[in-house]
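J.: Just passing along the structure, written as structure tokens.
Coordinate-derived values only; no laboratory data. The model shown is predicted, which means the values in this text are computed figures rather than measured ones. With ideal geometry, Cβ positions are generated from the backbone for all residues, glycine too; neighbour counts draw on all protein chains shown.
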4 protein chains.
Amino acid sequence: MMFVLHPGVSEKKINEFTQKFEKMGFTPMISSGTERTVVGLVGNTKILDVDDIVENNDIVSYGKRITEPYKLASRAFHPDDTMVMVGEKIVGNKIAGNQTVGNNKGGNKIVGNQIFGEGIFQVISGPCSVESEDQIIKVARAVKLSGATLLRGGAYKPRSSPYSFQGLEMDGLKLLSIAKQETGLPIVSELTNISQLDDFEDVDVIQIGARNMQNYDLLKEIGKIKKPILLKRGLCNTIEEFLMSAEYIMAGGNENVILCERGMRTIETMTRNTLDISAVPLLKKISHLPIIIDPSHAAGIRSLVAPLSKAAIAAGADGLMIETHNDPANALCDGAQSLDLAQFDNLMFEVKRRVEFEGKILGT
Amino acid sequence: MMFVLHPGVSEKKINEFTQKFEKMGFTPMISSGTERTVVGLVGNTKILDVDDIVENNDIVSYGKRITEPYKLASRAFHPDDTMVMVGEKIVGNKIAGNQTVGNNKGGNKIVGNQIFGEGIFQVISGPCSVESEDQIIKVARAVKLSGATLLRGGAYKPRSSPYSFQGLEMDGLKLLSIAKQETGLPIVSELTNISQLDDFEDVDVIQIGARNMQNYDLLKEIGKIKKPILLKRGLCNTIEEFLMSAEYIMAGGNENVILCERGMRTIETMTRNTLDISAVPLLKKISHLPIIIDPSHAAGIRSLVAPLSKAAIAAGADGLMIETHNDPANALCDGAQSLDLAQFDNLMFEVKRRVEFEGKILGT
Amino acid sequence: MMFVLHPGVSEKKINEFTQKFEKMGFTPMISSGTERTVVGLVGNTKILDVDDIVENNDIVSYGKRITEPYKLASRAFHPDDTMVMVGEKIVGNKIAGNQTVGNNKGGNKIVGNQIFGEGIFQVISGPCSVESEDQIIKVARAVKLSGATLLRGGAYKPRSSPYSFQGLEMDGLKLLSIAKQETGLPIVSELTNISQLDDFEDVDVIQIGARNMQNYDLLKEIGKIKKPILLKRGLCNTIEEFLMSAEYIMAGGNENVILCERGMRTIETMTRNTLDISAVPLLKKISHLPIIIDPSHAAGIRSLVAPLSKAAIAAGADGLMIETHNDPANALCDGAQSLDLAQFDNLMFEVKRRVEFEGKILGT
Amino acid sequence: MMFVLHPGVSEKKINEFTQKFEKMGFTPMISSGTERTVVGLVGNTKILDVDDIVENNDIVSYGKRITEPYKLASRAFHPDDTMVMVGEKIVGNKIAGNQTVGNNKGGNKIVGNQIFGEGIFQVISGPCSVESEDQIIKVARAVKLSGATLLRGGAYKPRSSPYSFQGLEMDGLKLLSIAKQETGLPIVSELTNISQLDDFEDVDVIQIGARNMQNYDLLKEIGKIKKPILLKRGLCNTIEEFLMSAEYIMAGGNENVILCERGMRTIETMTRNTLDISAVPLLKKISHLPIIIDPSHAAGIRSLVAPLSKAAIAAGADGLMIETHNDPANALCDGAQSLDLAQFDNLMFEVKRRVEFEGKILGT
């Protein structure tokens, strides 16, 4: 952290300023130029608020944090891509529902005979809400056949109206488990409240939704477990805030964070949100965490899911999360953006050839 | 809810469409024009998603919800202003820490000898964080003397960095209780997690912060209690979403909701947020709930707090929430936007004459 | 402008870097700390792009402009409030249509016997579009009677659809001149194209609309004249950009710039735009130019015009610009936000007592 | 356009309402349901403002435009993709600088032996500003060699500061002409003022910049010529507004409009703007005009240009516009986002294989 002082500040005042921080354990570094003096602070400046210091010290004209406020999520401190392991424990040679989200650039074999090559691409698919055993089994079998590598399904649903369907809750999770056993697909479901955690034992990836991205109490709690977390970017949050939320989880001890860009709220109204495709290469540059795209929520329009999926693959995403339903016209939520099973199958045809074109491999 | 069908749709298809909703308990209302047919649905359409229906029924060209998705929070269903009662039970003539947030247009005496006149204006003041007994007592006494009517103080702090000061937690609430006993000011503090609820027994108004405005699990839980809720608008949420979050609380049975506009995130970067002053008259028009303004968070700049407070009073707000600190230069959070005690006293001089000018009275 | 270099950069590279700027006429100022070196540039750094320099010099870690990019519009270089004189030349004691927009804090008599006191408040009123002689005369007489101090009327209308009414053009300006002669009110009208300038001879204040705020060719041209310019903030422009557009006009030689905040485009959809009320105190702080508010365009809803006008006065604005129409139901544009003549008269009753409350005087 | 009336409106009032529109030449269509009446208007409703009508007629509860406000730009009225022809007149078999932007799905040969196959992809490249003959010739030769199909270069530069380099103006256009003769590449340059039009005789595509997207006077003027127009989307404009601006040009008679998405202003600050990749498939769906992407301005960061270009191709764009400079470190503008010649050459290697993968062909 560094501060540019006003011109002509007395040495006495500079000393008072720097001594305050020395007492707090920082090492001040004074650089006196011909006109202005710059004071740098060395130490754990993450606990300081740069704006407060500027506002509250008359001699300071301007302040700037030199390093990012996140560390665990930063590529600067962790140059290699993180591989997030998803799924059951390995017993002998048998691996059930084991998927890796992230790059595997080194080409090393990671888990059993399952992951290899230069990069792995995951496709999470399933309905917005689990509605019935029949529905989730039908969807799970179909998306598996089409090539999806994980199954998603909402059990606890955050809905903007208290009068909307709120999900099957624990029963929904049980139905997801049945579908997992039927298909071998690892399952992804959203947790909205830490009290639900026990119900999530069989869930392989815990999703934190956009509206909870800054629910810090929840982030702290899931930082205490080891299960992979799929963290969705908030509707109106910057990439820095997105990484700070990942940092919350990682600071608790859980480094298995998968980032998910799902569209920002902007002034455009024809689409439900605006997909920030630039987030993919930008996050790849500044963070080591895997990043996937949810084109269904980003667009909110079924016909845009395929072109946005193609764009995501080309931009370097590590995966996709796509809403699929066996009967979108009668879906209890988000039907307008869900693909039907045939549409998803068509999309997967495109996904496969494009993942291959990029020199990656689809999760198995 | 009404749907405009495509031109030339067959009667058979229209019947199939309407019968589907009849089975769900709605009364369809068909209006056939010379070119197009309009189908209206009568019933509890709050459970339907208009976009889903349009997307999933080929014969529909366009759909529109005729009524607002909120009902309990709507002035249409509750024409009179809501008065939210804050504070202790009345024992004889003695009332400790009793404040009403809202209008008192009828001029009736509401509680004991405390509230009367055409409107009441409340000023909630105090530090971002409770830091020590000395600090909170000092601030509480000073703001009371200046005319503040409630005391705020953060104990559980949602901070964007896991490395920032997170509040004194339960100890902070205990210090607030001491300050309440010392001054008689009712206290306002933010709840970030329902598991904290027991600690909030002595807190008079529970604040739900902007980042939790759509934490529906939390909203449901606080809907079960009767204590007044100060609900802050999310950084990037529309007024309709704001009222839907109020609706969540009210649908649970707690109608004591005070709305608080605290600035939106926009493209402007000189201010921390952009105060949406229009929200005051707009919410007054469409809702019956009291609405207050937090100019401290809206601006993030100390020198803007006074002019924004004046604007809020002129626009018709029912109160203000202002960050004050005995020593902003050393505040553990938000020092840049906190007034010191002399600045707050100066501001209250202006607030008092302006509240009077508007024909309202300051809470006592 | 200052640059923080990466740690461990060689002296040779630092010299190459600074010599490049020395050749361009800047004085580099090197401040070597224990870990990092900071290079400051003294000179006319307005011509440099700080981002380009950071991106294009490998040794630079971070760059920052220390001074604002605007100078003529900055209060730092012009501490006193600017008074913009509007209207006809003074002939003897007779002044026709002469209004000042801005503060008159010194209390000096500025023009003839017209302007005095601590501050002056102007109310510009009239229809979105001039539609007929009958209409503009009727409106002009009524708003004058109610207390408006300038008359507005659109002749060249920028409309988002090529099929909408585009204004009466030159005929509209002629009708405004007639209304000016009838009432003595100075007139304000929007110029959309420099080729129209000759038609604007009798127009007292030239308005530059929000969509042309960054039409730099137009700004340069109106910088060459001396007539007051009412510059509206663009829908999605920051305050810094707003002042840069004022700087364009002032750099050309025309310092008679009146700023007008008219609402930003945000994610809120219930109001047409979001009035940035904070812009008033913020612009007062960093610039010396007068600032007025247009509540009609900001809200787009008739019933919000009065509360937003009150807020604007309380926040310290120097004036208001309000759309008024003798028959809003049949207005050719913007009827939804126009006040009728009785509503405007009611509003002016409030405006007058509030201007007085603020210790200002209404223009005469 | 249709209006839902309030419940219980008298027949007399309905008749008064509909007769008003009959007099204006519309055919009202009344659909009386059991509870509410819906009035539709048939005719050229583009001249009506739906909000005004709702606000100004007490009996109306809600109004909605059924059709888009644009017609010429709409795919509904022009189902086939538009091919925009760029370049010189054909003389015998020789075509100099002739490029088509748009799809060629029919597979027909369009011009000479140059265009065929299912789709054509154009790459416009060159510096932000023309700086010297040496610079523009060097860049033009290099980008041509790498596979660019048109040359861009700014001569009249809209800069946010009056103190920044404003372009070489007419001299810049002359240098572009020389580069065109040297390389055969058609040239693209921005027009900021209709008075410059004569200077643009040799320019093949006239660019209208983002800040002029709603400069309607300029749009009307370029609607009178036949030269292709590259229309950039405004920083904060919706897709509907974008198409309305295209409609302005087309309504004047010039249907040769190429749309260009170049990033929106959002709350994200790490990137200069946020590329709205969804605009590509959405515009393809609702309009017949070609759409290209400018990843350089969208990101503002050199390292994001390649991944965004790949995403644009995958999403279905008809072309790219990429800033390239022979010496970005010393560019007079936008150096931070310009590729150097080697970087552009590398990018074109990727562009070519991806255009081929999509089954399109690169312009020749």
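J.: So if R0 is 56 Å, what FRET efficiency would B:Met24 and D:Ser303 give, r being the distance between their Cβ atoms, rounded to the nearest 0.05? Each step should come with its number before you reach the end.
T.: Details: r = 53 Å, r/R0 = 0.94.
It comes out at approximately 0.60.
J.: Under the convention of a label 7 Å out along Cα→Cβ, give the distances in nm from B:Thr27 to the same position in every other copy, shortest first.
T.: 3.3, 8.0, 8.5
J.: Also: Calculated from DSSP H runs of 4 or more alone, at -39500 (n - 2.57) each and per residue, what is the 222 nm mean residue ellipticity of chain C, nearest 500?
T.: Numbers: 10 runs with 112 residues, N = 364.
Estimated from H runs of four or more residues: -9500 deg cm²/dmol.
J.: Sort shortest first the distances from B:Ser10 to its counterpart in every other copy, using label points 7 Å along the Cα-to-beta-carbon line, and give them in nm.
T.: Spelled out, the distances from B:Ser10's label point are 4.5, 8.3, 9.4 nm.
J.: Now for a different question. Mind grabbing the base-10 log of I(q)/I(0) for the range C:259-298 at q = 0.30, 0.35 Å⁻¹? Debye formula, identical points on the C-alpha positions, no solvent, two decimal places.
T.: -0.97, -1.15
J.: Mind sorting A:Thr266, D:Thr183 by how few other Cβ atoms lie within 10 Å of their own Cβ, fewest first?
T.: Working: A:Thr266 24, D:Thr183 20.
Going from sparsest to densest Cβ surroundings: D:Thr183, A:Thr266.
J.: Which residue fluctuates the most in chain C, going by a Gaussian network model with Cα springs under 10 Å, if the choices are C:Arg211, C:Arg75, C:Arg65?
T.: Fluctuation is largest for C:Arg65.
J.: Given the protein assembly as shown, what percent of its DSSP beta bridges are antiparallel, to the nearest 5?
T.: Values: 90 of 198 bridges.
Approximately 45 percent, going by the DSSP bridge assignments.
J.: Express as a percent, rounded to the nearest 5, the fraction of DSSP beta bridges in chain B (both residues included) that run antiparallel.
T.: Numbers: 22 of 49 bridges.
Around 45 percent of the beta bridges assigned by DSSP in chain B are antiparallel ones.
J.: Now, a different point. Would the protein assembly as shown count as rounded, prolate or oblate if I go by the C-alpha gyration tensor, calling it rounded below 1.5 in a/c and otherwise prolate when a/b exceeds b/c, oblate otherwise?
T.: On the way: a/c = 1.14, a/b = 1.04, b/c = 1.09.
Verdict is rounded for the protein assembly as shown.
J.: Turning to a different aspect of this structure: Once a ≥ b ≥ c are taken as the square roots of the eigenvalues of the Cα gyration tensor of the range B:76-362, is the result rounded (a/c under 1.5), prolate (a/b larger than b/c) or oblate (a/b not larger than b/c)? Numbers along the way, then the final one.
T.: Numbers: a/c = 1.13, a/b = 1.09, b/c = 1.03.
It comes out rounded by the Cα gyration axes.
J.: Rounded to the nearest 0.05, what FRET efficiency is calculated for C:Gln181 and B:Arg65 with R0 set to 56 Å and r the Cβ-Cβ distance? Spell out each step's value before the answer.
T.: Values: r = 52 Å, r/R0 = 0.92.
Efficiency, rounded to the nearest 0.05: 0.60.
J.: Okay, moving on. On a 0 to 90° scale, report how tilted helix A:341-357 is relative to the longest principal axis of chain A, with both axes built from alpha carbons and the result rounded to the nearest 10.
T.: Once rounded, one gets 50 degrees.
J.: Follow-up. Quick one: angle between helix D:170-183 and the longest Cα principal axis of chain D, in degrees between 0 and 90, rounded to 10, please.
T.: Long axis of D:170-183 versus the principal axis of chain D: about 70 degrees.
J.: Taking only C-alpha pairs under 8 Å that are 6+ residues apart, what is the relative contact order of chain D in percent? Walk me through the numbers on the way to the answer.
T.: On the way: 779 pairs, mean separation 58.0, N = 364.
Contact order relative to length: 16 percent.
J.: In nanometres, what is the gap between the two model label sites at C:Val9 and B:Glu201, each 7 Å from Cα along Cα-to-Cβ?
T.: Each label point lies 7 Å from its Cα, and together they span 6.2 nm.
J.: Helix C:133-146 sits at what angle to the longest principal axis of chain C, using alpha carbons and giving 0 to 90 degrees rounded to 10?
T.: Computed tilt is about 80 degrees.
J.: A follow-up question, please. Assume the label is 7 Å from Cα along Cα to beta carbon: what separations in nm does D:Met85 have to the matching positions in the other copies?
T.: Here the equivalent label points are 6.0, 6.4, 8.2 nm apart from this one.
J.: Rounded, prolate or oblate: which fits the range B:1-63, taking a ≥ b ≥ c as square roots of the Cα gyration tensor eigenvalues, rounded meaning a/c under 1.5, else prolate when a/b beats b/c? Intermediate results must be reported in sequence, preceding the final value.
T.: Details: a/c = 1.67, a/b = 1.43, b/c = 1.17.
Note, shape of the range B:1-63 comes out prolate.
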